[in-house]
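The values are calculated or read from the model by the stated rules, or taken from the named source; none is laboratory data. As the structure is a computational prediction, the values presented were derived from the model and not from experiment. Every residue, glycine as well, gets a Cβ built from its backbone with ideal geometry; the counts of neighbours run over all protein chains shown. Calculation scope for accessible area: heavy atoms of the full protein, side chains included, ligands and nucleic acids excluded. Shrake-Rupley method; radii C 1.70, N 1.55, O 1.52, S 1.80 Å.
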Amino acid sequence: MDPERKKVVEHVAVSTFPDEVLERVLVQLKSHKDRSSVSLVCHSWYDAERFSRTHVFIANCYSVTPEIVSRRFPNIRSVSLKGKPRFSDFNLVPPNWGANIRSWLVMFAAKYPFLEELRLKRMTVTDESLEFLALSFPNFKALSLLSCDGFSTDGLAAIATHCKNLAELDIQENDLNDKSGSWLSCFPENFSSLEVLNFANLSNDVNFEALERLVSRCKSLKVLKVNRNITLEQLPRLLIRAPLLTELGTGSFLQEHPACQYSELENAFNKCMNLNTLSGLSEVTALSLPALYPACANLTFMNLSCAALQSGELAKLLVHCPCLRRLWVLDTVEDKGLEAVGSNCPLLEELRVFPTDPFDEDTFHGVTESGFIAVSYGCRRLSYVLYFCRQMTNAAVATIVQNCPDFTHFRLCIMNPWQPDYQTNEPMDEAFCAVVKSCTKLQRLAVSGLLTDLTFEYIGKYAKNLETLSVAFAGSSDWGMQCVLGGCPKLRKLEIRDCPFGNAALLSGLDKYESMRSLWMSDCKVTMNGCRVLAKEMPRLNVEVIKVDGSNESQADKVYVYRSVAGPRTDAPPFVLTL
Amino acid sequence: MEIGSEKEKMGFEETELRLGLPGNGGSTEGEVARKRGFSETEATTMDLKLKLSSKDAGMDLNEKAKTLKKEKNLLTADTAKHHAKAQVVGWPPVRSFRKNMLAVQKGSSEESDNKASGNIAAFVKVSMDGAPYLRKVDLKTYQSYKELSVALGKMFSSFTIVPNNLIWFFNIETGNCGSQGMKDFMNESKLMDVLNSSDYVPTYEDKVGDWMLVGDVPWEMFVDSCNRLRIMKGKEAIGLAPRAMEKCMRNRS
C-alpha cells in the first residue's frame, strides 16, 4: 500500500456507509485482485476489506510472514499457498530448499482454528504436519496438494482418520512416499461428506471394497479420480454408486476379460449424464474406448495425457465430444490426430500436447508444425496452448497466430535446444515476433528453439500484457534480457535458464523487480558480485543464490530474486545464500 | 565478417564464432555443461555459442540477420547432431510424474502385446535412406515378414518414395530357408533386377554386426538375431547378396 496515496485519499470525503454495511457488500467480492484494489481506496475500506476476507492467496510463501497475514486478516477460513520456484518441477531446485508448511500451520492453529480449506502448491509437507492439520481444525473440509513433497501415505491416513467433515481430498502430482494404499481404508465407516476425491497419481493398490463402500456412502460425490490400479471391470461398480459425478478419472482402461463385462461398462457410462470432465484412461485400447462414447456428450474437458491413443482412435472419440473446450493429449496421436481435433472441436479453447518420449531423440514420434496448423484452422477460439514438438517453422507459427489471435497463453517447447526453423535454418525469432504482434492479450509465453536477442526485442516492444515469461537456451547477449525488463510493463514472473545473460542484464531490472513477483536465473552468466550489487541497491528484495557443488566460486549458479515484506529467510539451508 | 565499427566493451573474441569442446577458451561453458549433468558422451558434445551483439551501432536489423544467417548455415546441421546425445537436467520441461507414468505404461503395454514368446519386447530402429528420421518397431508384435513389410510400408508412406517394392521382396511363400521361399529368393535374375533398380530393399544388422538381406532366415530366427533395420536402395545392397547367401548356406548345414 502506497502511504502517499493513502494520505491523499483520506482528505477527500468518502462514503458515510457504516462499516458493517460495507463489509456486507465486500463479502460478495471473491477475486483477490479486486479485494486488493478495494483495500487501497482508503483506510476504512482497507479495514472493511480485511475483516470480510475469508480466503487468502499467498503466491510466494516467503514474501510475507504468517504473523503479518494473521494480523491483517483475522477471519480467514481458506488459504492457498505456493512455495518453490516453478523450475523445481524440473529438478532445478535441490531438495530441502524450504517452503515448509509447518510454521504456517502453527499460526493457523493459533489464529484460524476454524480453518476449512488448505491448497498448497510446491510446498514441503511432512507427515507430522498432516497429522497436526488433521487434529487441529475440527471444521477442516478441503485439502489440495499439488506438486508438493515431504510426505507419505501415512500422512494421508491421518487426514482420512481424523477429518470428520472432509469434503475434498485432492492429491495431485506430488513427490510423495507411496507406502501403501491402506490410507483409504482409514475413512471411518460412518464418514459420508466427501465430494471430491482425487488419488490418480498414487501407485499402490487401495482396498477396492473399502472404496466402493466409501463411494456408496458419499451421496454428494461429484469428483472421483482413481489410480491406474482400478481396473475396467471394477469401474462400473463405482460409477453406478456415484450418479452425481461431474468429473471422472478412470483407472486402467485395458480390457482383460472378454466382452461379457463390456455391457456393464457401457450401461454404467450410459448413466453418466453429468460428466463434464474425463481423465485417466491409461492403457486404453481401440476395443475399450467406444464404451465411453455415451458419456461424452457434455464433456468440456478431456485429459488424455495418460492415454497413448493413436490418431484414428482419437478421431473416432472426438466425434462424440462436440462440446470440448479443453483437451490434453499425448503426441502419440500425431499430426493426423490433431487434424481430427481441428475438424471436430470448434469450441476448443485449450490444447496441450505432451511428449511420449521426451528423451529419445533418434526416434521421431509425435507432432510437427502441421498438426498445430491444422488445429489453428479448425479451432479459432484457441487461447491456451502447450505444445511439445521436435520441429517448427517461423511460417507455421505466423499462420497459427493469424488464425488464432486470441492466445493468452502460448507455450511452445521445441524439444531440442537451439533448434532453428528446420526448413529455412533461420532462428525462430520471427515466429515469436508474430506471436507477440498478433496476440495482444498474451499473458503467458514460453519460448524455445534457436533465438537471438531479436526475439526479446520483439517481446519488449509488443508484449504489453505479458505477465509470465519462460526462457531456456536462448538469446545472444545481455541486451535480450534488458529489452524484456525495459519493455513489458505487466511482467510478474521471469524464469530463465541456460542463457547468455549476465550482470548487466540482471542489474538493468533494478527498478522493475519490486513490481514483479519473482525472477529466476540459472546457468546464466550472472556472478556473485552482480547479485551483491543488486541486493545492496534493493533492500526490499530477497536476492538468493543457490550454490551447486563443485561450481566456480564467483559464479551465481542459480539466482532467485523476489520481493518480500518478510525480510531475508530465517530457514534457509546452507546451500542458499541470501545476499 | 563485418560487425561494425564500434566494438566498445567487447573484444573481437566475443563476436567471433566459436566451435569447440567444453572448457575451451577458458570460458565457463565447460563448467556449465558439467553442471547440467551431461552423460559420458560429454567429450563429444559441442557447445556452440553464437556471440553476436545487437548493440553495435551502425548495424541495422537486416544486416544483423544476414550475418547471423551466414553463420547459422555453417552450424545448423552439425549442431543438431552433436547436441543429440547429451541429456540436460530438467529438459525438456516434463514433470517427473509424467516421465514415470509413461515408462510404466510402456512396460505394461509391451507385456500385453507379447503373444508367442512371452518375454521382453524386441524394439529395433528402422532407418530408410533419404528419410529425415528413424522409426522404432517392436518385432515381437508381428508374426511374419509380410506383417512387418506392411507395417513398414505404412510407417514410411509419408515420403515420396513408395515402398511398394518392399512387398515384392517379402513375397516369399514360407519365409524360410527351406523349399519354396529359398527357391524364389535364389532366383538370381529376379534378385539382380531389384538390386539394379532404384527400388528399395530391406536389410538388417545381425547380432554379430553383419549386414544381411531381410528374408533369408525363418521369421523367429530373424526376430532373435536382428539388431536394427535399414531400408536401402537396391544398388547399395548388391554387395550384401552373396554374403547373405553364404551365411544361409552355413546355417542350413
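Counting charges near A:Ser376 (Lys, Arg +1; Asp, Glu -1) among other residues having Cβ under 14 Å from its Cβ returns a value of -4.
Considering every residue in A:415-427, what mean count of other chain Cβ atoms within 10 Å of its Cβ is obtained?
Numbers: counts 4, 6, 7, 8, 4, 7, 2, 3, 0, 3, 6, 6, 5.
Mean partner shielding for this stretch: 5.
Considering only alpha-carbon pairs that sit under 8 angstrom and 6 or more positions apart, the relative contact order computed for chain A is 6 percent. For the stretch A:15-85, a crude dipole built from +1 on the beta carbon of Lys and Arg and -1 on the beta carbon of Asp and Glu, taken about the Cα centre, is about 400 debye to the nearest 20.
Magnitude of the Cβ-charge dipole of the stretch A:287-374, K/R +1 and D/E -1, about the Cα centre, nearest 20 debye? Don't jump to the answer; show the numbers that get you there.
Values: 5 positive and 12 negative charges, 125 e Å.
That gives a dipole near 600 debye.
Under a 5 Å amide H cut-off, with hydrogens placed 1.01 Å from N, A:Gly449 pairs with A:Ile414, A:Trp418, A:Gln419 among residues at least 5 apart or on other chains. Here's the picture: charge each Lys and Arg Cβ at +1 and each Asp and Glu Cβ at -1 in chain A, and of A:Asn204, A:Val375, A:Thr65 the one pushed furthest to the positive end of that dipole is A:Thr65. When peptides B:129-137, A:57-65 are sorted by average Cβ neighbour count within 10 Å, with the highest value leading, the order is A:57-65, B:129-137.
A probe of 1.4 angstrom, applied to the heavy atoms of all protein chains, finds A:Tyr262 with accessible area near 40 square angstrom.
Is there a simple number for the mean count of other chain Cβ atoms within 10 Å of the Cβ of residues in A:95-103, and what is it? Could the numbers behind the result be given before it?
Details: counts 0, 0, 0, 0, 0, 0, 0, 0, 0.
Mean number of neighbouring Cβ atoms from other chains: 0.
Using C-alpha pairs below 8 Å separated by at least 6 residues, the relative contact order for the stretch A:390-548 is 17 percent. With a 1.4 angstrom probe, the accessible area lost at the A-B interface totals about 4800 Å².
Inter-chain neighbour count for A:445-454: the average number of beta-carbon atoms from partner chains within 10 Å of each residue's beta-carbon is 3.
Peptides A:181-190, A:540-549 ranked from most to least packed by the mean count of surrounding Cβ atoms within 10 Å: A:540-549, A:181-190.
Work out the length of the dipole vector of chain A about its Cα centre, built from +1 on the beta-carbon of each Lys and Arg and -1 on the beta-carbon of each Asp and Glu, and round it to the nearest 20 debye. Display every interim value, and only then the final one.
Values: 60 positive and 66 negative charges, 429 e Å.
Approximately 2060 debye in magnitude.
The residue list A:Thr356, A:Tyr293, A:Val435 was ranked by how far each Cα lies along the charge dipole of chain A toward its positive end, using unit charges on Cβ atoms, and A:Val435 comes out on top. Derived scalar couplings between HN and Hα for the stretch A:150-162 equal x, 10, 10, 5, 4, x, 5, 4, 4, 4, 4, 5, 9 Hz in order, rounded to whole Hz, by the Karplus curve 6.51 cos²θ - 1.76 cosθ + 1.60 (θ = phi - 60°), x for Gly and Pro. Which one of A:Asn276, A:Ser78, A:Cys218 has its Cα pushed farthest toward the positive end of the charge dipole of chain A, where Lys and Arg give +1 and Asp and Glu give -1 at the Cβ? Ranked along the dipole, the leading option is A:Ser78. Each of the peptides A:517-526, B:217-226 was scored by the mean count of other Cβ atoms within 10 Å over its residues; in descending order, highest first, they stand as A:517-526, B:217-226.
Considering the stretch A:10-129 at the alpha-carbon level, its Rg and Dmax are found to be 16.8, 54 Å.
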